Each structure stands twice: as structure tokens, then as C-alpha cells.
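The values are calculated or read from the model by the stated rules, or taken from the named source; none is laboratory data. On a predicted model such as this, the values are computed, not experimentally measured, just so you know. Cβ: placed from backbone, ideal geometry, glycine included. Neighbour counts: every protein chain shown.
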Amino acid sequence: MKRILSAVLVVCLLGGIGLGLAAAPIKIGICKIVEHPALDAVEQGVIDALTAAGYVQGVDVEYLLASAQGDPGTAVTIAQNYQTRGVSLVVAIATPTAQAAVQVFRGTATPIIYAAVTDPVGAGLVLSATDPSRNGNVTGVSDMIPVASHLQLLRDLGAAIRKVGMVYNPGEANSVILTTLAQEAAPGLGLEIVTAPADSTANVPMAAQSLIGRVDAYYVTTDNAVVSAIDSVLAASEEAGVPFLVADPTSLAHATMSAGFDYYQHGLLVGDVVLRVLAGARPDTLPVTYQARAEVQLNLDQAARIGLAFPQAVIDAASAVYFGGATWERKSE
Amino acid sequence: MATLLMHAIEQGLAYGIAALGVFLTYRILQFPDLTVDGSFVTGAAVASILILNGGDPFLALAAAFAAGAAAGLVTGFLNARLGVANLLAGVLTMIMLYSINLRIMGRPNLSLLRASTATQIVDGAWTGLGPLAVLAFIALVTLAVKLATDFFLRTEIGFALRASGDSEAMVGAYGVDVRTAKMVGLALSNGLVALSGALVAQYSGFADIGMGIGTIVTGLAAVILGGSLIRTRRVGWMTTAVLVGSLLYRIAVALALRYGYVVGFQASDLKLITAVLVLVALVIPAVRERQLRKVSSC
């Protein structure tokens, strides 16, 4: 009888411990600066990467999802809220959100993983992109895009392209960096960049129209304000009869061609970094991660509309084409 | 909870200085001034650039005030001298400031994370206060600003300012030009807003071109919320009410973030919950007053 009792007791104890473990999932705070398709995709990518690695939501991990709704001041409050709720790790999506998290968690051991930050060194998040030893508890993934190779792509379309028009928001840190990089890379490729600033989505149509007749191609990077009004750039490029390259594959249907990665893939990559940190890797051993692969997608419908025939080499390099109102992926052999 | 409340008070006081600026124009001058969405960033930009170039972070607050005051003078000039309608004058200066702020900063986002800011110096120096050091510093700055504002409103020109909001004919009686009074009021108001922006930038660890959007909205919320809770015609109490309003607003944001999820709200609902909490704080005293009146009339 005694033995049965003690056996029951042991089972209860073990069960209790088991329940205790199950009842305390790790808390991860994921904060983005604003609701935006690209940033939402990053958030989803992070969660999916963790789920795929066996972190069951609600059991192993609890996500504290937040959006600063466009206000950098609120980003600070969100980070402070994460601190009081004792999160084990913060994923901060976009530059001001990451800066707020780094400021609030200064001097603590909580790892900060930033995402969708183009220039983490310029943003003061880390001291060095390659040597992480003095970067403290901060690491992450940059969404820097290979601007020079994008311009080369336009160059590959034909000798007629000399002037490239860029519509960009001078108020977006990421966009300004990419525009500057394009201006630096253009002369080496025999190109000239003509810029048209638009400080808000509402001003994008006018900026795009101002380039009609002055440029041989349009190029838009990962600029939030401009991508939100991408159809107005498309309309302008169509009116001018020139190709339009956008550095965002999810916008392929709204451009002549697109290059780069999509933000869901970016989120998966961020998720990988999170997993490494959860597995015990210290952030100050992880250098800035860059998204390596840049794929090219072509919109054949739009090319037909402006009378553009893609050179065979460009078609051969494309990972997908948009034709007849649908996207067709190249099958990997 | 205590930590969250502490941070909410820090921000409530820091943004409270901007609310005092909005109070000066909206309540005292009866001038709805939209310049503040731009001058808030101007303050942050000027202070950040000075600090990043090795300037003193405390003097940077004063420099921010001066820059904001200059912006206010522009709005005042447009309205009082060129006859541009008050709303439009503010809007025009705000738009101009967007470009000017980008010029000052050189880029849309400046990081102060690796710089020596006032809040960091204070955090390192006033170790006796522990985690309350930053709060104490912000409270001191805000108190100084509040007392200076009170003092100013009791001076001769301050009286003229208050009179010009009530009736422009009255001002002549004080021997002060209405237009001059307006310009002084706008300069002072935007100086305070810029000072607030400089303080918030140092506290947050960065200045961003987007950080000023909604300054007029949160400022007005604080002024009206405080004014409805503390009904008074005495200057000292009026400015206190503004700061109380600002504190309540930030506490509402913190509460919405902390407990919103408990009742099933999503991240995207934040602004809605904040607005509802402010509304509740606004309506409760009004309802209670009505009940009191009912009781007394029985």
C-alpha cells in the first residue's frame, strides 16, 4: 500500500514538474514600426522558422507581437513593456524600433535581434558589421539590396538605357542609403541617376510623372512610401514607354521586372538567427547577416505593353515570369 | 508594473513640455498652431547634431529651444505680418521644416545610441537614485520649464498674451502690439516643443524624421484632458493640469500595451485602445459632475 502511495506521489510530482515546464514558455517580443506588407511578412517568417524548428506557439514559446503604428516614441514604450514582462529575446523590425530596443535594454543580457535594417552600423545598432565581438547583445539581419547588380540588370536590357529615374522618400533612412549607393555605382556602369523625391505616398504620382521624358528606365528600391503607391510609378513608366525595375518580388505584377528577395524569406533568415541565439550562441559571436541571393523576375505582360523584348540572357537568368496575369516559377532541375 | 509606470511618467513629463507649448498657443493665444509637428523634430535634430559633433548634451537642449523659437517666429511672421490665416501659416512652416530638418540631420535618422546624451550622463552620475535617476532628471527639467512658463505668463507681456487670446482690443490697454504678442507666444510655444523633442531624442537614443507626426494631436489631448480634470483659471494650476493630462495620456498608452492583449486586442488595435482610454478619462469627470448636479438639485 505504502509503495503504491509513494509511486502515485512520484508520478504526481513528475507530472507536476512536467506541467510546470509546459506552463512556462519562453517569451519573445516581436515589434515592428508599422503595419506594412513587407514588415508583416518578416514577422510571419520569424514565427514560421521557429515553428518549423519545433517551437510550438503557446507551449514552448509565447510571442508578444506589437506595432508602434508609425510612431517612434511608441516603439520606446513597447520596448519598456517587453522589459517589464521579462521577455527572453526581442526581435525588432525596422530601424527606429531596433534603436528603441537597444536603448531600453542597454546593460541587460537580453538578446536584441534586428530585422529589415539596411545599415545596422550607420543606425548605431552595432559597432561593426564583420567583427561582432564588441556588439554586445545585439545582432540581426540586414536587408541591404545589391543596388549595383540591379543597375547592371537595367544595363543588360540594352544600350538605349542611360538615364535611370529613382522615385524615393527622403524621409526613409533605408531608402536614402540605397539611393546614395545607386548614385555612387551608376557612373561605373555608364548610367546616370535622376532622382524624384516623394515625402509621402500621396506625393508619389507627381514625383513619378516628373520623370516622364527625362529617363530611360524607372528603378524603385525597398522604399515603403513609394512601394505603397507603386501603381502610379507603373503608370508613369508606361506613359513614358520605358521599363520599370522594382527591388521587391512581391510587386512583380506592378512593374516590368523585379529583383531581390521577398521579405518572408528575410523573416525566415531572422528566425534562423533567433534559433541560433536560443540554442546558446551569444549575439557578440554573430556578425551581421546579409541576404545573399538576388533573383530576377520578369513581367512579360508589362513588357509587351511598352514594346520591350527582353534579351535572351536576361530571360535565361530569370527565376520567374509573370505572364497572362499569373506568376510562373522556374522549376529547379 | 512599477517599472512600466515609471517609464510612462518619464515620457509623460518629457512630452509634457511639448504639451505646455501647445497649451500656450491653443489655450492662451487661441491659435491652433500646426508648426509643432515640425518644430518637435527640429529640436531633436539640432540637439542630436550638436551632441554627435561633441557638443554638451545639456546645452543642446537650450540650442533646441532657440531653433524651435525661430520656427515659431516664422509662423508668427507669416500670420501677423503677411496676413496668412493661422492654420495655413502653421501648416506652411511645418512643411518647410520637413526639408529643413532633413538638412540639419543630413539623413532621416540619427543614432545617439553610442553618443553621450544627457540621460546617459545622469544615469551614470546620479547612481544614488538607482533606476530613478533619469526620471528625476526629466522631472527637474519639466518642473523648471513649468515654473518658467508660469512666471512668464504673470509678467506684463504674459498678461498681454493672455489678453490677446481673449480679445485683441484688450491688448492695446496693456500698451503691447497684438502682433508682437502673437509672435512672442508662438516663439515660446515652439521653443518648448523643440526642447521636448530634444529631450525625447536623447531619452530614446535616436532622432527620426517621423518622430514629430502627431505632436499636435497628443499635445491637444493632454491640454484638453488635463483641462477637463482640473478646472481652474489660475495659471499655475492650468500648467499643472497640462502636465497631468500628458502623464495620463502616456499611462494610457502603456496600459494599452501592457494589458490590451489580456482582453484579446491585437497589435494593430493600439491607437484605438489608447483613444478609448483617453476618452474614458475625459468622460468620467463630466458624468460625475452631472450626477453631483442632479443630487444637489433634488
**Message:** Looking at the stretch A:45-61, can you tell me whether even one residue there is touching a residue at least 24 places away in the same chain (Cβ under 8 Å), within 9 Å of another protein chain (Cβ to nearest Cβ) and part of a helix (DSSP H, G or I)?
**Reply:** no
**Message:** What are the pairs with Cβ atoms under 9 angstrom where one residue, in the stretch A:64-77, is more than 7 Å from every other protein chain (Cβ to nearest Cβ) and the other, located anywhere, is of a type in the set (Phe, Trp, Tyr)? Sequence gap at least six, or different chains.
**Reply:** A:Leu64/A:Tyr82; A:Leu64/B:Tyr261
**Message:** Quick check on the stretch B:222-242. Is at least one of its residues facing another protein chain (nearest Cβ under 10 Å), part of a helix (DSSP H, G or I) and crowded, with 18+ Cβ neighbours inside 10 Å?
**Reply:** no
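Can we say A:Thr195 is over 18 Å from the mean Cα position of the chain (by Cα), hydroxyl-bearing (Ser, Thr, Tyr) and under 16 Å from A:Val246 (Cα atoms)?
It is true that A:Thr195 is over 18 Å from the mean Cα position of the chain (by Cα), hydroxyl-bearing (Ser, Thr, Tyr) and under 16 Å from A:Val246 (Cα atoms).
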**Asked** Which one is farthest from the other protein chains (Cβ to nearest Cβ), of the residues in the stretch B:15-54 that are surrounded by fewer than 24 Cβ atoms within 10 Å (Cβ to Cβ) and in contact with a strand residue (DSSP E or B) (Cβ under 8 Å, 6 or more places away or on another chain)?
**Response** B:Ile49
**Prompt:** Which condition breaks for A:Val90 when tested against (1) buried (at least 24 other Cβ atoms within 10 Å of the Cβ); (2) at the interface with chain B (Cβ under 10 Å from one of its Cβ atoms); (3) touching a Gly at 6+ places or on another chain (Cβ under 7 Å)?
**Reply:** (2)
**Complete:** Log entry, pairs with first residue in the stretch A:300-311 being farther than 14 Å from A:Ala235 by Cα, second being in a loop (DSSP other than H, G, I, E, B) and at pLDDT 95 or above, beta carbons closer than 6 Å, six or more apart or on different chains, reads A:Leu308/A:Pro243
**Request:** Scan the stretch B:183-218 residue by residue and report those that are crowded, with 24+ Cβ neighbours inside 10 Å, among the small types (Gly, Ala, Ser), under 15 Å from B:Thr75 (Cβ atoms) and more than 10 Å from chain A (Cβ to nearest Cβ).
**Result:** B:Gly185, B:Ser189, B:Gly191, B:Ala194
**Asked** Does A:Asn137 satisfy the condition of being buried (at least 20 other Cβ atoms within 10 Å of the Cβ), over 17 Å from the mean Cα position of the chain (by Cα) and within 14 Å of chain B (Cβ to nearest Cβ)?
**Response** yes
**Complete:** Given (1) modelled with pLDDT of 95 or more; (2) surrounded by fewer than 18 Cβ atoms within 10 Å (Cβ to Cβ), B:Pro57 misses just (2)
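Go over the candidates A:Ala116, A:Ala129, A:Ala101 one by one and state the one that is farther than 20 Å from A:Tyr264 by Cα, small (Gly, Ala, Ser) and within 14 Å of another protein chain (Cβ to nearest Cβ).
Sole residue among the options that is farther than 20 Å from A:Tyr264 by Cα, small (Gly, Ala, Ser) and within 14 Å of another protein chain (Cβ to nearest Cβ): A:Ala101.
Could you identify the single residue in A:Leu181, A:Leu191, A:Leu157, A:Leu153 that is within 30 Å of A:Asp284 (Cα to Cα) and surrounded by 15 or more Cβ atoms within 10 Å (Cβ to Cβ)? Write out each step before concluding.
Working: A:Leu191 fails: within 30 Å of A:Asp284 (Cα to Cα); A:Leu157 fails: within 30 Å of A:Asp284 (Cα to Cα); A:Leu153 fails: within 30 Å of A:Asp284 (Cα to Cα).
Answer to the check: A:Leu181.
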**Message:** For the list (1) away from chain A (no Cβ under 14 Å); (2) at pLDDT 95 or above, I need the number of the one condition that B:Gly165 fails.
**Reply:** (2)
**Prompt:** Is there a residue in the stretch B:1-14 that is closer than 30 Å to A:Arg85 by Cα, within 14 Å of chain A (Cβ to nearest Cβ), among the hydrophobic types (A, V, I, L, M, F, W, C) and without any contact (Cβ under 8 Å) to a residue 24 or more places away in the chain?
**Reply:** yes
**Request:** Would you check if A:Ala92 is assigned to a strand (DSSP E or B) and out of contact with any Pro (no Cβ under 7 Å at 6 or more places or on another chain)?
**Result:** yes
**Message:** Would you confirm, using the coordinates I've provided, whether B:Ile213 is in contact (Cβ under 8 Å) with a residue 60 or more places away in the chain, within 27 Å of B:Ala47 (Cα to Cα) and out of contact with any Leu (no Cβ under 7 Å at 6 or more places or on another chain)?
**Reply:** yes
**Item:** Subset of the stretch A:230-269 (residues that are at pLDDT 90 or above and outside any helix (DSSP H, G or I))
**Value:** A:Gly241, A:Val242, A:Pro243, A:Phe244, A:Leu245, A:Val246, A:Ala247, A:Ala255, A:Thr256, A:Met257, A:Ser258, A:Ala259
**Asked** Exactly one of (1) farther than 19 Å from A:Val141 by Cα; (2) in contact with a Pro (Cβ under 8 Å, 6 or more places away or on another chain); (3) within 7 Å of chain B (Cβ to nearest Cβ) is unmet by A:Thr84. Its number?
**Response** (2)
**Item:** Filtered residue count, the stretch B:231-262, keeping only those that are among the aliphatic types (A, V, I, L, M) and modelled with pLDDT under 90
**Value:** 7
**Prompt:** How about the stretch A:1-44: which of its residues are at pLDDT 95 or above and assigned to a helix (DSSP H, G or I)?
**Reply:** A:Val42, A:Glu43, A:Gln44
